[in-house]
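A short reminder: the numbers here are calculations on the coordinates, not readings from a lab. Given the structure is predicted, the values throughout are model-derived calculations rather than measurements. For neighbour counting, all protein chains shown are included, and Cβ atoms are generated from backbone atoms with ideal geometry for every residue, glycine included.
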Amino acid sequence: MGLHVLVVDDSATARAVLSSILLSDPEIQSVDTAPDAYIARDKMLAKKPDVVCLDVEMPRMDGITFLRKLMKHMPTPVVMVSSLTTQGARTTLDALEAGAVDFIPKMHSNLYEGKSAIEAELLMKVKAAARAKVAPKLTPPKPQERLLYQSFTTTQKLIAIGASTGGTEALKEVLIRLPANAPSVLVAQHMPASFTKQFADRLNALCAVEVKEAQSGDTLGVGKVFIAPGDKHMVLRRSGARYYVEVGEGKKVSGHRPSVDVLFNSVAKVAGDNAIGVLLTGMGSDGARGLLALHETGAITPGQDEASCVVYGMPKVAYELGALSAQVPLSKMAARILTELSALTS
């Protein structure tokens, strides 16, 4: 059986364009539409969709409020339709925190002109969302206890992490548990340019480590986390004993910019087994070959296990390549990283 998708948007034109794109794919059997959350709720009760495409701004009930109700009472994979403005970035991060699987940017003001730009992305993300794991969000999560880390050497260690679909919440789960004296962390998360600073600022407010959107020349140091800017690659460089990052545009690699492969390959070349490479949830294969390069230097390279991934794509490919040193549940990843680092430095 093909997929059933529900498109919820107050714009009749947007509903028509999104439906047209979705129905062009043979894996999508049917598309229903709703102009607001109340009609969407009734349609979902009549026929539960495999995926919901949900607009943020709607009359009567906004998309975030509806999403929170949906994830509490009828957990369903949701792809948000979000603007790329600063406010849109904040709202989208709220949606991902509330349980949305992924998001696509709103089309050009002339929807038909913007149709081709989002067609492939929409179809890819809706089909990936249909395979994603979603669970009820009944109560606010308990604050995560921060772990302890003791370093016994002056050799600088670092952590490189890659993630995509489901990665914003997975990264939060890992970073929020790191103590203030944790080694530097470099992160490549697939996000648009306007989103990564908002994401870094949000994490910085929650974590003991200092989190920021990376800039060329930023020096690695204890308790520092650098998020690759959206639409730019980030690589590790070294000058004497000093590690620093460089960001730049360049071509997409493995279909992405920032690319996890680009980050991991640079870490393998510059830091080798002084690094730990971590691959979290995400669709596709970005990061798998770069993690293999790290693994071949002798670096520790855990990947998130299938049961805890929203989408078991990137870690699965890494596992199949033989790039993983272990498959680890997300809830235990931070502890595993610090344990491995302690073993390296003792």
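Can you check what the net charge comes to around MET333, using other residues whose Cβ is under 11 Å from the Cβ of MET333 (Lys, Arg +1; Asp, Glu -1)?
Here the count lands on 0.
Multiplying the residue separation of ARG68 and LEU321 by 0.36 nm and subtracting their alpha-carbon distance yields 87.3 nm. Computed from the C-alpha gyration tensor, the three semi-axes of the ellipsoid equivalent to region 2-51 are 17, 15, 5 Å, from longest to shortest.
Where Lys and Arg each count +1 and Asp and Glu each count -1, what net charge lies around VAL311 among other residues with Cβ under 11 Å from its Cβ? It would help to have the intermediate numbers written out before the result.
On the way: positive: LYS125, LYS127, ARG131, LYS133, LYS316; negative: ASP102, GLU306.
Combined, the nearby Lys, Arg, Asp and Glu give +3.
Neighbours of LYS157, meaning other residues whose beta-carbon lies under 11 angstrom from its beta-carbon, give a summed charge of -2 when Lys and Arg score +1 and Asp and Glu score -1. Peptides 177-185, 55-63 ranked from most to least packed, by the mean per-residue count of other Cβ atoms within 10 Å: 177-185, 55-63. With a Förster radius of 51 Å applied to the beta-carbon distance between SER30 and SER239, the computed FRET efficiency rounds to 0.30. This model, with +1 at the C-beta of Lys and Arg and -1 at the C-beta of Asp and Glu, gives region 158-345 a dipole about its Cα centre of some 300 debye. With a simple spin-label model that places each label point 7 Å from the Cα along the Cα-to-Cβ direction, the separation between GLU249 and MET61 comes to 4.4 nm.
Net length available on complete extension from LYS212 to ALA307 is 31.2 nm, with 0.36 nm assigned per residue and the Cα-Cα distance removed. Mind running the shape call on region 3-130? Use the C-alpha gyration tensor, a ≥ b ≥ c as the square roots of the eigenvalues: rounded below 1.5 for a/c, prolate if a/b tops b/c, oblate otherwise. Rounded. Report D for region 158-345 in µm² per second (integer): Stokes-Einstein, Kirkwood Rh on Cα pairs, 25 °C, 0.890 mPa s. My calculation gives 157 µm²/s for D. Summary: within the chain, the longest segment free of chymotrypsin sites (Phe, Trp or Tyr not before Pro) located in DSSP loops with at most 14 other C-beta atoms within 10 Å is 153-346.
Computed per residue of the chain from DSSP H runs no shorter than four, each worth -39500 (n - 2.57), the mean residue ellipticity at 222 nm is -11000 deg cm²/dmol.
Cα gyration tensor of the chain, axes a ≥ b ≥ c as square roots of the eigenvalues: rounded (a/c below 1.5), prolate (a/b > b/c) or oblate? Prolate is the answer for the chain, as a/c is 1.5 or above and a/b outweighs b/c.
Positive-end ranking of PRO26, PRO105, LEU70 along the dipole of region 3-130, with charges on Cβ about the Cα centre, is headed by LEU70.
In terms of packing, defined here as the mean over residues of other Cβ atoms within 10 angstrom, the peptides 22-30, 8-16 line up highest first as 8-16, 22-30.
In the structure shown, the pairs LYS172/LYS332; LYS133/LYS212; LYS48/LYS332 are assessed against 22 Å; a Cα-Cα span above that value is assigned to LYS133/LYS212; LYS48/LYS332.
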